1. May I ask for the Kirkwood hydrodynamic radius of the stretch 85-176, worked out over all distinct Cα pairs and given in angstroms to one decimal?
2. Give a residue-ordered list of calculated ³J(HN,Hα) values for the stretch 93-108 (Karplus: 6.51 cos²θ - 1.76 cosθ + 1.60, θ = phi - 60°; whole Hz; x for Gly, Pro).
3. Cα extents of the stretch 159-285 along the three principal axes, largest first, in whole Å?
4. If the chain between Phe227 and Arg306 were fully stretched, how many nm would it gain, using 0.36 nm times the residue separation less the Cα-Cα distance?
5. Under 5 Å between amide H atoms, partner at least 5 residues away or on a different chain: which partners does Thr163 have, H built in plane at 1.01 Å?
6. Cα centroid distance between the stretch 177-194 and the stretch 242-303, in Å?
7. Per residue of the stretch 224-241, in order, report the coupling 6.51 cos²θ - 1.76 cosθ + 1.60 (Karplus, θ = phi - 60°) as ³J(HN,Hα) in whole Hz, putting x for Gly and Pro.
8. Under the rule a/c < 1.5 gives rounded, and otherwise a/b versus b/c splits prolate from oblate, where does the stretch 49-133 land using the Cα gyration tensor?
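The values are calculated or read from the model by the stated rules, or taken from the named source; none is laboratory data. As the structure is a prediction and not an experimental result, all values here were calculated from the model. All Cβ positions, even for glycine, are placed from backbone atoms using ideal geometry, and neighbour counts span all protein chains on display. Calculation scope for accessible area: heavy atoms of the full protein, side chains included, ligands and nucleic acids excluded. Shrake-Rupley method; radii C 1.70, N 1.55, O 1.52, S 1.80 Å.
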Amino acid sequence: PAWPPNRAQHRIGPTTRGVHHARAKDTHMLRRPARDLTRTFTRTFASSSSSAPRVSIERAADGVATVTLGRPEKLNSLDIDMFRAIRSAAVELAEDKGVRAVVVHGSGRAFCAGLDVKSINHPLHARANGRELLDRPDGAISNLAQDVCYLWRRVPAPVIAATHGVCLGGGFQIALGADMRIATPGCKFSLMEAKWGIIPDMGATVVLPELVPKDVATELIMTGRIFDGEEALRLGLVTRLAEEPLAEARRLASEIAARSPDSTAAVKRLLDATYCEADDRRKLHLETALQRRLLGGWNQLASAARGLGAPPLLQPSFAARSDEWLAEADAEAEAEVRAMLDGGEVEVRGDEVSEACDELAAAAGALTVLHNIVGCSQISRLWGLWLASGPANEAIGEGGVVLLGWLAGVVR
C-alpha cells in the first residue's frame, strides 16, 4: 500500500487540544552548527480526558526524534488514548522528511506494562473500545491495535526501542515493531496474552519470524512466561544490552543520522521486503480474525479471572476446546483461513462484528463483577464452590457470561 497513509485511514483521534509546540525557531535551529545539537523542540499528544500528554516527540537538530510514552503512574500501560497517541506519533514521523532516526522509550520505571485491561474493558466503554481497536478502515493494512507496532516499520528511518523495567504484552509488541531494541539486562519481557486466554494480535506475527525460530516463538507465546534482558539477547529478541538504554539508543541513532537518509531508508525497505516472503496484510488480518473468535468466550473469561487474581474457589474451570478449532467440524472457518493464506480477503459481516463487540462488553462486565466480589467472602465462597462443580460448568456453557452479567445486578 502507498505510504504515507491517508489520514482518514489512520485517524489522529482527539489530540488537537493536546498538541503543543515549543517556541523555538525550528528552521533556524536546523541551520545551527553541530555544537547546538542538544537544542530540541517538542510536540505532545494528550489524552482526550486529561491534559497530561500520553506521548511526546522531541526533535533534535541532528534529525533524531525521541518518542516518550508518558503515562508513568500506570507504567505506560495502553489505554485507548495511549493507542491513539502512539499511532498519531508514528504517522507524523513517517511523513516528516527531516527525521533521520527515531528513539522510542517509556518515562518512569518501565517501558510499557502492556494493555490497561481495566480501562479497555470498562463496562461502559468495552464495546466502543473493541470496535476501535479491532476494526480496520477500508484499505488500511492494520487496525488500531496493530498500528502501535506495525506503523514503526513504515517510518522511512531506523526506529530504536530503549526498554527498561518491564516490557510486557502489547508493550513488547511495540518494541518488536522497532528496527532495533536496546534493553537493560534486568528488563522483564513477556508475550503474556496467554494469561488472558487470547493471542498476540498487535503485529507480533509480522516481526517474530524475522527474529526467532518458530519453536521459540511457540514456547514464548503459549507459556506467556517472563524472561529478562539477558535471555532476550540470547534469543535474538533484543539487539544489545546497556545499563543506560536510552543514552545508548540516542548515541546509536545519532551515529546513523549522520549517514545518508536515503541510504538508511533504502536499507530498511530492502530488509523489510526480503527477510520474510509472506504478505504482512494476510498476517495482520489473520491475527484479528482469530482474536475475534477468542474474545468473550467462556475460556477467555476463565483465563482473565485467573489473570485478575481471583481466589481459586472463584475461578471458573476451563470448558472443552471449541469445535470451531476442528477443521472437519467447521468447513467455513477452514475455508476462510485458507483464503487468507492464499491472499484472498475474508469477509466479516457487520452482524459478526457487532456480536464480537457485544461478547467483549459482556465479558468486561463479568470481569468487573469478579473483581468487585472478591472481597465478599460469603458470596465468593458459595459461588466459587458452585462454579467449581462439574454439573455447574456443563449447565453454564457459553451462557456463563450472561449469568455473570445478571449476578452483577444482584451483588450491586
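1. 14.3 Å
2. 5, 5, 8, 8, 5, x, 7, 10, 6, 10, 10, 10, 8, x, 7, x
3. 45, 36, 20
4. Numbers: separation 79, 0.36 × 79 = 28.44 nm, distance 2.03 nm.
Extra length from Phe227 to Arg306 when fully extended: 26.4 nm.
5. Residues meeting the amide H criterion: Ile182, Ala183, Thr184.
6. Spelled out, the Cα-based centre of one part sits 12 Å from the other.
7. So the Karplus estimates, Gly and Pro as x, are x, 6, 9, 9, 9, x, 4, 5, 4, 5, 4, 6, x, 8, 10, 7, 7, 10 Hz.
8. Working: a/c = 2.86, a/b = 1.78, b/c = 1.60.
Taking the square roots of the gyration eigenvalues as a ≥ b ≥ c, the stretch 49-133 is prolate.
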